[in-house]
1. Scan the stretch 416-436 and report the pairs whose first residue is assigned by TED's automatic domain parsing to the domain that holds residue 389 and surrounded by 18 or more Cβ atoms within 10 Å (Cβ to Cβ) and whose second residue is modelled with pLDDT of 90 or more and not in a helix (DSSP H, G or I), with Cβ atoms within less than 8 Å and a gap of 6+ or a chain change.
2. Just to verify a result, which residue in the stretch 228-247, among those that are without any contact (Cβ under 8 Å) to a residue 24 or more places away in the chain and surrounded by fewer than 16 Cβ atoms within 10 Å (Cβ to Cβ), is nearest to residue 306 (Cα to Cα)?
3. Go through (1) in contact (Cβ under 8 Å) with a residue 24 or more places away in the chain; (2) out of contact with any helix residue (DSSP H, G or I) (no Cβ under 9 Å at 6 or more places or on another chain) and name the single condition residue 271 misses.
4. If residue 245 passes every condition in (1) over 21 Å from residue 228 (Cα atoms); (2) in contact with a strand residue (DSSP E or B) (Cβ under 7 Å, 6 or more places away or on another chain) but one, which one does it miss?
5. Which of the following residues is surrounded by 12 or more Cβ atoms within 10 Å (Cβ to Cβ) and modelled with pLDDT of 95 or more: 218, 212, 189?
6. If we keep just the residues of the stretch 294-320 that are assigned to a helix (DSSP H, G or I) and surrounded by fewer than 24 Cβ atoms within 10 Å (Cβ to Cβ), which is modelled with the highest pLDDT?
7. Taking the stretch 255-283, which residues are under 25 Å from the mean Cα position of the chain (by Cα) and outside any helix (DSSP H, G or I)?
8. What about residue 390, is it modelled with pLDDT of 75 or more and farther than 14 Å from residue 305 by Cβ?
């Protein structure tokens with residue numbers, strides 16, 4: 001093996017993989033080559049990749065200074081009471097404040113993991129990542145912000161946004177990082193900065209999301225204490241609590257279309273839906289505005305329950321998943337119409353949560369009679385339609401029901417969707433009742 005043809009990073013990685021007891025000669029050769037190239041390897045640490053450090057002279061050659069560039073850095077965060085439940089806005093799952101070190105061979109970043117309450121993650125659950133200098137691409141700098149792309153085989157869109165104490169530090173880091181541009185490069189940092197500024201104008205109070213969470217939990221506790229069951233539901237109590245029973249709903253108890261959104265069949269059903277509402281709700285509320293968010297939630301939920309009755313007239317169903325699918329549909333519509341002004345990282349960061357929610361919800365629809373995929377699909381389609389009519393195709397954010405024209409469009413679409421839903425439910429109920437009566441007559 002000709003070690004002189006290997007670059008610095010390849011030699012360091014090779015050194016870290018070698019077992020000196022099995023390949024002492026090769027380990028010694030790699031060590032000597034690294035020392036020759038200006039790296040410091042402490043005695044007694046053969047085979048330890050992280051102990052290899054550039055010398056002062058090597059650092060001067062690589063990054064223009066004789067010590068590693070070390071600075072505080074901010075990875076972005078999702079503020080608000082529910083912020084810690086939402087995914088990070090980068091592909092390394094980092095949030096909050098951390099540190100960065102650059103030495104021309106690796107970019108080392110340490111920070112808190114997302115998904116952990118702030119009070120805990122400050123002391124524990126720190127995550128350390130080491131980025132290979134050669135794979136850093138598509139670096140952008142604007143003010144005190146930096147966007148770094150990272151080449152990962154099979155995933156061309158990996159990246160992270162970083163905010164530094166001031167623009168001087170950001171410019172220093174940007175100046176020493178690789179200048180490679182990939183073919184698929186499109187500027188993202190400007191969009192990210194504008195997005196952050198827009199979000200700051202909408203305080204992260206999540207009042208509607210929190211109210212819905214509390215209401216769902218209180219209804220469940222009340223029903224469970226009344227005999228509905230904590231894990232295995234009691235149908236009679238669930239019906240009394242307001243579940244969507246097709247024959248009852250279509251024969252005058254239309255209020256069940258709303259109450260069913262707060263009834264859940266067991267604590268697992270509740271926790272899963274409330275996790276999804278937490279994950280999507282806070283961001284959606286800020287993007288859509290509280291009025292539009294609540295409007296989409298309830299219209300999608302009612303449409304979802306009507307879809308259930310239309311396809312299964314005798315159904316007894318409940319849960320908030322139809323309404324949550326509506327919020328998810330609206331988010332997809334907002335991104336579709338605002339691709340140039342809404343960062344892809346926002347959608348990408350929600351990808352895992354969306355996949356988990358959709359997969360388990362659809363699976364539950366196949367496995368449990370009270371969870372209906374017709375409701376999921378009905379809620380999703382309704383949310384898509386409402387999201388398209390509410391969103392502004394030219395600029396983020398979505399109009400907050402303040403512009404009369406979008407509000408009128410949305411009301412017309414909502415009215416048409418619900419009218420079709422009511423007609424379908426009534427028609428299906430009448431057909432089911434006629435078939436049941438006919439079957440009873442034949443039996444007599």
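The values are calculated or read from the model by the stated rules, or taken from the named source; none is laboratory data. All figures in this text were calculated on a predicted structure; none of them were measured in a lab. Because the Cβ atoms are built from the backbone with ideal geometry, glycine has one as well, and the counts that use them run over all protein chains shown.
1. Sorted first by the residue in the stretch 416-436, then by its partner, the pairs are 425/250; 425/313; 428/313; 429/250; 429/251; 429/313.
2. The extreme case among them is 240.
3. All conditions pass for residue 271, except number (1).
4. (1)
5. None of the others qualify; the one that does is 212.
6. Of everything passing the filter in the stretch 294-320, 298 is modelled with the highest pLDDT.
7. Of everything in the stretch 255-283, just one residue is under 25 Å from the mean Cα position of the chain (by Cα) and outside any helix (DSSP H, G or I), namely 264.
8. Yes.
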